[in-house]
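Notes for the one structure printed next.
Any read-out appearing in this document is the output of simple, stated calculations on the displayed coordinates, not a laboratory observation. Remember, it's a predicted structure, so these values are computed and weren't measured experimentally. Every residue, glycine as well, gets a Cβ built from its backbone with ideal geometry; the counts of neighbours run over all protein chains shown.
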Amino acid sequence: MDPQQNRVNTTISVRPLLHRPGERKEVSLTLDAETASSFGLCCAQLPQVKGVLENRAGVLFFRYTAECVLDLVCDRCLSSVTYPVCEEFEHIVVTELAVEQNDSDYLLASDTMLDVAEVVMTDLRLSLPSKTLCSEACLGLCPHCGQNRNEAPCSCCEEA
Ligand SMILES: [Zn+2]
Ligand SMILES: [Zn+2]
C-alpha cells in the first residue's frame, strides 16, 4: 500500500481570490494522520478544519476553526494526556512578505499556494499551554527511582 494514497491535499490556490474584493472560498477538510504526525503532534482525533478565505477590500483573510483531540504527555509523570482543542484562528494572507509583516499574523502563500496543513499545525502548536499536566495535583515521578507517584508511593518516598 502506498501511504501517499491516504494523503489529503491541503494546498489551496489563492489566485482566484486575489484582486477580487468580496470573493470567498470555503475551506473544509480533515488532515490525515501522516501529515499531522509530520508536524510532531500526536492526534487522538485528527484536526478538522472549517473556515473561509475571503478578500475583504483587497486584503485576503483566512479565518477558520480547528477541532481535534491531541495526545500530549504530562510534563511531570510522562503519562499520556488527552487534550481537546476547538479554537478559531485568523490570519492575513499575502503572496509576498514585506519586512514589517514578518510575524505570525501573516501567512505567506508563495506562488499563490497556501498550505493549510502547515497553517493549522503551526497554530495548534502555538496554542498549546507551555506546561502539560495530567492534573494540577499530579505528583510526578520520583526523582530517585522513577516510580510514578500517582500510582503508588515508592520506598524512597516512604523513607523521606
Ligand atoms: Zn502527570
Ligand atoms: Zn522513589
Residue match in region 120-127 (condition: within 30 Å of residue 7 (Cα to Cα) and within 14 Å of ligand 1 (Cβ to nearest atom)): no
Criterion: assigned to a strand (DSSP E or B) and not hydroxyl-bearing (Ser, Thr, Tyr) - qualifying residue of 97, 60: 60
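State the number of residues belonging to region 32-55 that are out of contact with any Phe, Trp or Tyr (no Cβ under 9 Å at 6 or more places or on another chain) and either of a type outside the set (D, E, K, R) or part of a strand (DSSP E or B) (or both). First the steps, then the outcome.
Filtering region 32-55 for residues out of contact with any Phe, Trp or Tyr (no Cβ under 9 Å at 6 or more places or on another chain) gives 32-43, 45-48.
Keeping just the survivors that are either of a type outside the set (D, E, K, R) or part of a strand (DSSP E or B) (or both) gives 33, 35-43, 45-48.
Total meeting the criteria: 14.
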For region 128-149, how many residues meet the condition of being within 13 Å of ligand 2 (Cβ to nearest atom), in a loop (DSSP other than H, G, I, E, B) and within 10 Å of residue 77 (Cα to Cα)? 6
Name the residues in region 39-60 that are of a type outside the set (Val, Ile, Thr) and loosely packed, with under 12 Cβ neighbours inside 10 Å, would you? 40, 57, 58
Answer from 76, 56, 24 - the residue that is under 30 Å from residue 148 (Cβ atoms), more than 19 Å from the chain's Cα centre (by Cα) and either more than 16 Å from ligand 2 (Cβ to nearest atom) or charged (D, E, K, R) (or both): 76
Can you say whether residue 108 is within 19 Å of the chain's Cα centre (by Cα) and more than 13 Å from ligand 1 (Cβ to nearest atom), as far as the supplied structure shows? yes
Tell me which residues, restricted to region 66-100, are loosely packed, with under 13 Cβ neighbours inside 10 Å and more than 16 Å from ligand 1 (Cβ to nearest atom). 84, 86, 87, 88, 90, 96, 98, 99, 100
Restricting the first residue to region 82-94 and requiring it to be without any contact (Cβ under 8 Å) to a residue 60 or more places away in the chain, which pairs with a second residue that is assigned to a strand (DSSP E or B) and among the charged types (D, E, K, R) meet a Cβ separation below 6 Å and a spacing of at least six or different chains? 86/67; 90/63
Give region 72-94 a look and list any residue that's more than 25 Å from residue 27 (Cα to Cα) and either in a strand (DSSP E or B) or not charged (D, E, K, R) (or both), or say none. 72, 73, 74, 77, 78, 79, 80, 81, 82
Any chance residue 114 is closer than 15 Å to residue 64 by Cβ, in contact with a Pro (Cβ under 9 Å, 6 or more places away or on another chain) and touching a residue at least 60 places away in the same chain (Cβ under 8 Å): no
